[in-house]
Each structure stands twice: as structure tokens, then as C-alpha cells.
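What follows is one structure encoded as C-alpha cells, with my remarks underneath.
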Amino acid sequence: MECGALRSLVHARGLQQLRLQTTGPPKSSQRVQVRRNLQVRAVSTESTTSRGLRGRREENVDGDLYVDRSCIDCDTCRWMAPEIYSRVGEQSVVHKQPATPEERLRALQALVSCPTGSIRTLTPSKDVLQAQETFPLCIDEDLPGVYHCGFHSDKSFGAASYFIQRPEGNILVDSPRFNERLAKRLETMGGVKYMFLTHKDDVCDHKKWKKRFNLTRFIHKMEVQRNTEDVEVKLEGTGPWNLGSDIEMIFTPGHSPAHVVLLLKDRRALFTGDHMGASMNNEIFIDQVHNWYSVEEQAKSYELLLPKDFLWVLPGHWRRYKFQDLEDKNTWIRKAVADARGVTNYGRYN
């Protein structure tokens, strides 16, 4: 698929923006709700069908496509196809049925990406398989060789992952849900040499991708847990670390004790994991509710990014963002830091 068809996925100041049809900022934290919903699903031995969790939400409009009650409010479908999906009562709904082939495709790409399989159709549809074949999705024509993998996983609380093409070896940033169709597509695009794991939360099916491509995985040593003990490269200290001349890995503790982001220098793109992203209101912010280590350390890590040269923010959670220029980037970073510290005059952080 051409990148131009996906420009609506990018929310950026100075670019034409799609205002999402939401009910406003969430009344309670999104990812706390995500974790709570997933925990309920994990401890129950009852089938979701028998419990009624798979029933169609009554807030959906009439038609073939709908969201069921198992939605964990991860926001994926709403930023992938905001013309189709919106938020009602801390879950997603279909607020408009697709009216064109292009809308139908975007709606089904969101269906494929849904981490809990909560988006459904009344009748089986072959075009769901066709939607699978479109991944990975080019993010923007101004960002060549960078793709959204889709296939989000509930094991990573719905986080996005990315595929980077580069002569020195292609990279997966965080782990998508394993899918052989996606694997075959990546194979035709040059395979995968490395997997960069930003932190302990978004590792998902890393072992399956390792087996499929025999890739080399990276994670910081302080983020290693039982399921990542076999990762090949464990970063130590505070970096930075380089992988060739175009990749810099930057130590950004805060969300977790040893979170690391990846800077793709030649394309001015920062892959931020759970460190930085844009809110549903299209503002760069520090997510204090879902901080598992230290908000102040995260604020300091934001400040470390002030001298870095990037315009794109590509997060695991929350939404993508493209800054107008470096001044715009630094203004937003300073504002996010000031807001986290409860300071109104964010110019003091110049």
C-alpha cells in the first residue's frame, strides 16, 4: 500500500490533522484499565462467550462491523481508523460503518491489529485476510523504510511495534504478535537481523521471532525478567550505545528503571516505547498514571532528549507525533516536563 493512503494516521502540528471523535480525555487511566481487564481475563477459567464478554456493544452503529465487550480500551483502532472507531464508556465502538473500499481496508487493518480480537464482523469476510497481507504498513511517505507492524498483543497491553529497513540489517522495535503471514512479508523485505526491546513490558512474542529469523535481541540488563533471560545482548550502564552510524540507543529511565529508546538518526525518528507519546488530545506529555518507576526520572530523561535531532515520535503506547521543527520539539518537551513538575512557566527549563 502507498504511504500516501496512510497519512491520516499521523497527528502533527502544521499538518492536516484528523480530530478524533472521542468523548474527551479518559475519566480514568487507560492502561490501568487495560491491565485490569487483562487480569480479569487471565484469572477466569470461564469462556468469554459464556460470560457474555463477546457480545456486541449496544453503542455500535448498526451494520456488519462492531466492537464487542472484551475491548480493553487500548486505543489502537481509534488512531488507526478514527473515521470508523471512537470511544464510548471506556471502550471502543464503531460509530460509522465503512462507506468506501479505503475505509473498509483501514477498519479491517485495525481489526487485524486489535490485541484482544474485540473487533468483529457479523459474517465471515475474505477481505480480513487481504487486510493481513497489507502489513507492515508504511507510516508516511516522508519516513521511508519505517513501518507499523500491526498485530498488537494483549501480552504487551496492546503496544505498537515497528519495522526498520536499513542496509546494515533490518530491525524490529519491540515485538508484535507472531503471525506467519507477517513473517513471510518481512522476509520478502529483507528479513530481520535485530530486535530492539525498549523495556520489559513490550516483549510479547520475542522468542517466536527469534526462532523464525535467528535475530539478535537487545534489552537493558536491568529490564531482564525470566522470559527475557536468553536475550543475546544485555545493555549495561547508562549508554549511549550505537549500532552502526545510524542507530543510537539512549538510556531513558522513568517509566521503568532502565527504559531505552532508539534514535534512527538519518530519518530523524525516535522509537520511544513507553517513554514518550502524544495523548488523545494530540499533546506530548509524561504519562504519570502509568509510570512504574519515577516521574521525576522520566522528566529528566525527557530533558536529555532536548539536544537530540529528531522530528518523529513513534511510541509503543499512546499516539505518534511529528514536530514541525526542532524548536517545536523542544517546546513540547519543556512543556511536558513542566506539566509533570507542576510548573506553569515552562520557559524556565530553557
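The values are calculated or read from the model by the stated rules, or taken from the named source; none is laboratory data. It should be emphasised that the depicted structure is a prediction, and the values quoted were computed from it without experimental measurement. Every residue, glycine among them, receives a Cβ derived from its backbone with ideal geometry; neighbour counts consider all protein chains shown.
Observations on the model:
- Residue in region 321-333 that is modelled with pLDDT of 95 or more, in the same structural domain as His199 (by TED's automatic domain parsing), under 18 Å from the mean Cα position of the chain (by Cα) and in a loop (DSSP other than H, G, I, E, B) present: yes
- For region 262-281, the criterion of being farther than 27 Å from Glu168 by Cβ and in contact with a Leu (Cβ under 8 Å, 6 or more places away or on another chain) is satisfied by at least one residue.
- Tally of residues being at pLDDT 50 or above and exposed (fewer than 12 other Cβ atoms within 10 Å of the Cβ) across region 28-87: 2
- Close Cβ contacts (under 6 Å, 6 or more residues apart or on different chains) running from residues in region 110-128 that are closer than 17 Å to Ala81 by Cα and in contact (Cβ under 8 Å) with a residue 12 or more places away in the chain to residues that are surrounded by fewer than 15 Cβ atoms within 10 Å (Cβ to Cβ) and acidic (Asp, Glu) comprise Thr121/Asp64.
- Restricting region 266-282 to residues that are more than 15 Å from the chain's Cα centre (by Cα) and surrounded by fewer than 16 Cβ atoms within 10 Å (Cβ to Cβ), the residue that is farthest from Asp246 (Cα to Cα): Asn281
- Within region 298-318, tally of residues that are more than 21 Å from Asp266 (Cα to Cα), surrounded by fewer than 23 Cβ atoms within 10 Å (Cβ to Cβ) and either among the hydrophobic types (A, V, I, L, M, F, W, C) or touching an Asp or Glu at 6+ places or on another chain (Cβ under 8 Å) (or both): 1
- Residues of region 159-201 that turn out to be farther than 24 Å from Arg320 by Cα and of a type in the set (Val, Ile, Thr), as a count: 1
- Leading residue by the ranking (surrounded by the fewest Cβ atoms within 10 Å (Cβ to Cβ)) among those in region 161-205 that are over 17 Å from His275 (Cα atoms) and among the polar types (S, T, N, Q): Thr188
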